[in-house]
Amino acid sequence: MPERDHEQVRALLHRYAPVIQYDSQESFAADSAATMTDCVPAEFPQGNVLRRKDGSTLAAAAPAEGQAKLSLDLLATDRYADQSGTTVEPDDYLDAVGKQYVVDARDMHARPGYANQIYGHAVRDAAGDVWLQYWFFYYYNNKAFLFMGLHEGDWEMIQLRLSAAREPDEATYAQHSGGERAAWADLEQDDGPDGAVPVVYSARGSHASYFRRGTYPEAPIVPDQNDAGGPRVRPELVVIGDESPPWAAWPGRWGSTRADGPIGANSPPGPHEHGAWRDPLAFHNAAGPARELGPAAGTALPRPPAPQITPRREGDRAVVAYRFPSIRAGTPTPSRLVLSLDGDKDGKPPATGSWTIEPTSGEIHFPLRLEERDYTVRASAASEDGITSATATAPLPSTSATG
């Protein structure tokens with residue numbers, strides 16, 4: 001591609017960078033990939049580490065004397081950028097050592113320079129058409145916070161095909177091992193500074209990309225969903241290519257998770273290792289047509305009742321009492337409660353977890369240490385097959401507000 005075309009396409013990557021719409025209970029945002037390399041969790045003074053397949057440590061975010069420092073700049077295709085030029089092996093992996101994924105991801109999101117970043121890549125297909133790809137990194141994948149399909153690190157993407165007029169005409173949104181396709185004209189669009197940009201609905205926990213809000217029962221294991229109740233963000237765009245920056249072509253895995261059983265999943269490799277990176281047209285053709293482009297997919301599903309919640313403070317912790325009204329015949333029975341605490345103006349996504357519950361009433365002692373601020377508490381019930389209720393909301397004021 002001539003240099004002039006490179007500059008034009010780079011400008012178009014910025015022009016059409018998407019808006020991400022989050023679910024109201026989503027704890028993980030599309031942030032810098034450096035959240036994985038730079039995180040130093042509490043009680044782990046060396047921080048996240050780079051390991052060989054045998055578990056030996058190659059580098060650490062806060063290295064001991066004589067140890068290489070882990071960062072995005074260390075990662076490369078053939079040799080690591082350390083003093084000894086250690087050879088890269090494809091089975092190398094990053095390890096999020098703290099395992100407190102919600103806490104660590106929220107802390108990194110609040111640090112300057114890490115929040116709300118995505119990666120843009122342009123590629124020409126075999127037919128000569130240019131595709132604009134947008135890659136999203138999430139610190140952890142917790143499928144709907146129901147403890148299924150879990151894995152450290154999560155790379156997701158969407159792509160837009162440019163017409164001869166250098167305007168989008170087709171889109172593909174990645175979802176798990178496949179995706180969906182739609183015409184540009186059918187996408188929900190938001191207003192960017194230079195015109196319309198696509199909206200991506202990031203499924204709670206799994207981060208699969210959808211064209212509309214709603215519940216998607218066709219997703220593997222349990223349904224995907226996005227209630228559109230979370231923030232709508234247009235992240236900062238960082239352009240990456242085949243060779244620059246070197247970390248984008250690192251062949252290792254972005255996490256330590258290895259599949260355990262039929263519902264397990266491996267931590268993923270980076271964008272360069274995905275087939276869509278090199279062959280966007282094949283990925284588009286393999287994707288299915290958009291299943292529903294109405295305003296609220298899946299609303300006809302039978303759902304468990306929404307919980308009624310009453311939160312209170314006990315010291316520096318939250319206790320949330322819940323109860324359910326009588327469950328009508330044909331309504332799924334609640335088996336888990338997905339519970340979120342969202343601190344007012346704390347600069348972090350909600351802290352979300354899930355608990356096995358009694359289908360009538362009970363109390364959840366939320367482990368998050370509370371700050372002296374107001375919180376919003378959100379709760380939804382999930383049935384055994386992963387169908388979730390509407391989300392209930394209640395305030396949890398600061399101690400000064402409650403007297």
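The values are calculated or read from the model by the stated rules, or taken from the named source; none is laboratory data. None of these values were measured; they are calculated from a predicted model. In this analysis, Cβ positions are derived from the backbone assuming ideal geometry, glycine residues included, and neighbour counts consider all displayed protein chains. These accessible areas exclude ligands, DNA and RNA; they are computed on the full protein's heavy atoms, side chains included. Shrake-Rupley method; radii C 1.70, N 1.55, O 1.52, S 1.80 Å.
Some notes on this structure:
- Inter-probe distance in nm under a simple model that places probes 7 Å from Cα toward Cβ, at Ser163 and Arg124: 2.1
- Multiplying the residue separation of Thr333 and Ala228 by 0.36 nm and removing their Cα-Cα distance gives an extension gain of 35.4 nm.
- Ser84 paired with Glu236, simple spin-label distance in nm, labels 7 Å along Cα-to-beta-carbon: 3.4
- Flagged links, alpha-carbon separation over 21 Å, of Lys53/Lys99; Lys99/Lys143; Lys69/Lys143: Lys69/Lys143
- Other residues with beta-carbon under 11 Å from the beta-carbon of Phe136 carry, at +1 per Lys or Arg and -1 per Asp or Glu, a net charge of -3.
- Carbon/sulfur fraction of accessible area - segment 1-131, other protein chains in place, 1.4 Å, %: 47
- Modelled this way, with points 7 Å down the Cα-to-C-beta line, the labels at Ala110 and Arg317 are 2.0 nm from one another.
- Residues of segment 312-329 falling in the label zone of Ala42, defined by backbone nitrogen less than 18 Å from a point 7 Å along Cα to beta-carbon, are 314-319.
- Acute angle (nearest 10 degrees) that the helix 3-15 long axis makes with the longest principal axis of the chain, alpha-carbon atoms: 10
- Protection-proxy order for peptides 252-258, 151-157, 109-115, each taking the mean of Cβ atoms within 10 Å per residue, highest first: 151-157, 252-258, 109-115
- Heavy-atom surface of segment 357-403, accessible at 1.4 Å and reported per residue (Å²): 51
- Computed magnitude of the charge dipole of the chain (debye, nearest 20; Cβ of K, R +1, Cβ of D, E -1): 960
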